[in-house]
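*Asks:* Dumping the structure here so I can ask a few things about it.
The values are calculated or read from the model by the stated rules, or taken from the named source; none is laboratory data. Remember, it's a predicted structure, so these values are computed and weren't measured experimentally. Neighbour counts run over all protein chains shown; Cβ positions are idealised from the backbone, glycine included.
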Amino acid sequence: MNPLNQREELMRFENITKTYDMGEVKVEALKESSFDIRRGELIVILGPSGSGKSTLLNIMGGMDTPDRGQIYFEGRSLSRAGSKELTQYRRHDIGFIFQFYNLIPDLTAYENIALAAELVDNPLTIDEVLEEVGLTERRDHFPAQLSGGEQQRVAIARALVKRPRLLLCDEPTGSLDDQTGKMVLGLLSRISSKEKMTVVIVTHNTSIGQIADRILRLRSGQIIDIIVNENPLPAERIEW
Ligand SMILES: Nc1ncnc2c1ncn2[C@@H]1O[C@H](COP(=O)(O)OP(=O)(O)OP(=O)(O)O)[C@@H](O)[C@H]1O
Ligand SMILES: [Mg+2]
């Protein structure tokens, strides 16, 4: 793998601030945050509950917008993008994985993935991504007929089929037992190296930092540390 400093920049955040105005109280979810994401790296964003992790991920994915600061994706400004442009960005450039999978319950694994494939011009084939996540034999199962780990793998396949530039994962192992969680992390880090896909994982679980190329630590809406991990561990080997 290339050393980090030789990798191209994919995304840059400059002094990003986000405040939620709740009338009486204002919540400063992100304060003057600056950092970049390099192409092909796996970043883990660590922080306690309420530290601004999901806020940051949602801004990365064009689901939320900052109040102040600049964001660049492949050199173009996202902070100045209109809602149409953000819709295109979410559709073509971003894959999203959530803690509770968010599959459509009355569609099979295959159909859930097919729906995402229809959003883009040049998707991977559904059989290909099912194979990649090891679920070829479960293609006709409905979500309720799948284990939690299998549902999360369908969600990963649904994100991958669009060939996103950036895969954003919010607590992807938060609903899984340790073994299954490690298997899902192993899959994410394999995809990151094999497909050279940029992957961002948000979690409060510090152990997960061991698989990252870089760890970004958030506390009360501020980045308190960005750590380069010289020797990322395979997910199977991390202690939980
Ligand atoms: N849409 C919103 N409206 C108002 N306040 C919000 C909104 N979203 C987040 N917040 C507040 O912003 C702060 C950061 O929230 P965020 O969801 O980013 O935290 P988090 O690090 O993801 O936490 P968790 O680990 O519990 O998911 C919290 O204090 C939260 O209450
Ligand atoms: Mg969150």
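*Asks:* Can you spot a residue in the range 102-110 that is at positive phi, within 16 Å of ligand 1 (Cβ to nearest atom), surrounded by 14 or more Cβ atoms within 10 Å (Cβ to Cβ) and touching a residue at least 12 places away in the same chain (Cβ under 8 Å)?
*Replies:* no
*Asks:* Keeping to the range 190-206, report how many residues are among the small types (G, A, S) and buried (at least 21 other Cβ atoms within 10 Å of the Cβ).
*Replies:* Total satisfying the criteria: 1.
*Asks:* Do any strands (runs of 3 or more DSSP E) entirely within the range 14-116 hold 2 or more residues that are away from ligand 2 (no atom under 16 Å from the Cβ), and if so, which?
*Replies:* 25-38, 68-73, 94-97
*Asks:* So in the range 53-92, with the set limited to residues that are of a type in the set (K, R), away from ligand 1 (no atom under 11 Å from the Cβ) and within 15 Å of the chain's Cα centre (by Cα), which one is nearest to I201 (Cα to Cα)?
*Replies:* My answer is R90.
*Asks:* Please go through the range 184-205 and give me each residue that is at pLDDT 95 or above, in contact with a Leu (Cβ under 6 Å, 6 or more places away or on another chain) and not aliphatic (A, V, I, L, M), ordered by number.
*Replies:* Selection gives T198 alone.
*Asks:* Let me ask you something else. Does L78 count as modelled with pLDDT under 95 and crowded, with 20+ Cβ neighbours inside 10 Å?
*Replies:* yes
*Asks:* Hey, another quick one. Any chance the range 133-144 includes a residue that's part of a helix (DSSP H, G or I) and aliphatic (A, V, I, L, M)?
*Replies:* Yes, the conditions are met somewhere in the range 133-144.
*Asks:* If you go through the range 210-225 one residue at a time, do you hit one that is away from ligand 1 (no atom under 16 Å from the Cβ), without any contact (Cβ under 8 Å) to a residue 24 or more places away in the chain and among the aliphatic types (A, V, I, L, M)?
*Replies:* No: the range 210-225 contains no residue that is away from ligand 1 (no atom under 16 Å from the Cβ), without any contact (Cβ under 8 Å) to a residue 24 or more places away in the chain and among the aliphatic types (A, V, I, L, M).
*Asks:* Can D177 be described as of a type in the set (D, E) and either in contact with a Pro (Cβ under 9 Å, 6 or more places away or on another chain) or closer than 29 Å to K26 by Cα (or both)?
*Replies:* no
*Asks:* May I ask you to verify whether D127 is part of a loop (DSSP other than H, G, I, E, B), surrounded by fewer than 18 Cβ atoms within 10 Å (Cβ to Cβ) and over 20 Å from the mean Cα position of the chain (by Cα)?
*Replies:* no
*Asks:* Can I ask one more? If we keep just the residues of the range 156-208 that are of a type in the set (S, T, Y) and in contact with a Phe, Trp or Tyr (Cβ under 9 Å, 6 or more places away or on another chain), which is nearest to ligand 1 (Cβ to nearest atom)?
*Replies:* Ranking the qualifying residues of the range 156-208, first place goes to S175.
*Asks:* Follow-up question, since we're still on this one. Here are G186, G149: which of them is farther than 21 Å from I45 by Cβ, away from ligand 2 (no atom under 16 Å from the Cβ), assigned to a helix (DSSP H, G or I) and touching a helix residue (DSSP H, G or I) at 6+ places or on another chain (Cβ under 6 Å)?
*Replies:* G149
*Asks:* Out of everything in the range 41-52 that is surrounded by fewer than 19 Cβ atoms within 10 Å (Cβ to Cβ) and not polar (S, T, N, Q), what residue ends up being nearest to ligand 1 (Cβ to nearest atom)?
*Replies:* Among them, the one singled out is G50.
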